[in-house]
Amino acid sequence: LPPAIIQQWIELIIESGTFLTNYKKVCKCDRPNYKEYELISQNSETTARITFLSLGLFQNMEEDYLGTLADEYDLILIDEAHKYRNMQTRRWKNARSLRYKSNNFINKFILLTATPLNNSIDDIYNLISIFSDDAFTRFVNKGISLYKLIEEYKSLKKEYKETNDKSIREKLLRKAEELKTKVLNEIMILRTRKYIKDEF
């Protein structure tokens, strides 16, 4: 999380009484930009943990500690996910290293962003690469070649920029729709401000 919104998340998840209502919540660590809570079920048989961690602390973590995080947590939520769109950054590499536990069990990810439409196709590819395996198996199993779709889109976009040909533009729009239908609709839940205002 960006450090400025850690307290906001704590208020929502831990303090509001809306979530985790069957758990006693005990603060185990309260350091700047790092807050850890133990969750104990009412019958004391189940415990879990939630940690709120700043982007800065996370991007500077060492590899052995990242392995510990991957093993200890089953769900990784990344807020302001658009800050992870560059695969050359240590932040992106650290996030991607959380994909698997040491026993190869796959961790789950939720990426949140308020600006998904400002991202380029490469950014979206990089964000998907955080939680997907190298072969994009989940897409392949559904008959979707993610890499091929993206390369076709990029090639059409380049051709359209060079020629400004309307027929190329139509192909580009169809390819964008195919990407949206086959890829983004599989992994993304979109909620506009209007939708949230109307529904909630």
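The values are calculated or read from the model by the stated rules, or taken from the named source; none is laboratory data. Just so we're clear, the structure is a prediction, and the values are computed from it rather than from any experiment. Side chains included, ligands, DNA and RNA excluded: accessible areas come from the protein's heavy atoms. Shrake-Rupley method; radii C 1.70, N 1.55, O 1.52, S 1.80 Å.
Listed by chain and number, the lysines whose alpha-carbon sits under 22 Å from that of K158, ignoring those within fewer than 8 places in the same chain, are K148, K166, K171, K175, K180, K182. Straight Cα distances below 12 angstrom link K154 to the aspartates and glutamates D122, with same-chain residues fewer than 8 positions distant left out.
Along region 83-96 the Karplus relation, 6.51 cos²θ - 1.76 cosθ + 1.60 evaluated at θ = phi - 60°, assigns HN-Hα couplings of 6, 10, 7, 9, 6, 7, 8, 5, 4, 5, 4, 5, 4, 5 Hz to successive residues, with x for each Gly and Pro. Taking amide H atoms as placed 1.01 Å from N in the peptide plane, the amide H of F109 lies under 5 Å from those of I76, each 5 or more residues away in sequence or on another chain. Prolate is the label for the chain, because a/c, from the alpha-carbon gyration tensor with a ≥ b ≥ c as root eigenvalues, is 1.5 or above and a/b exceeds b/c.
Accessible surface computed residue by residue for the chain, with neighbouring protein chains in place and a 1.4 Å probe, gives 66 Å² per residue.
Hey, any idea what % of the chain's accessible area is carbon plus sulfur with a 1.4 Å probe? On the chain, the fraction of accessible area on carbon and sulfur atoms equals 50 percent. Surface listing: Y160, Y195, Y147 arranged by accessible area from highest to lowest gives Y147, Y195, Y160, probe 1.4 Å.
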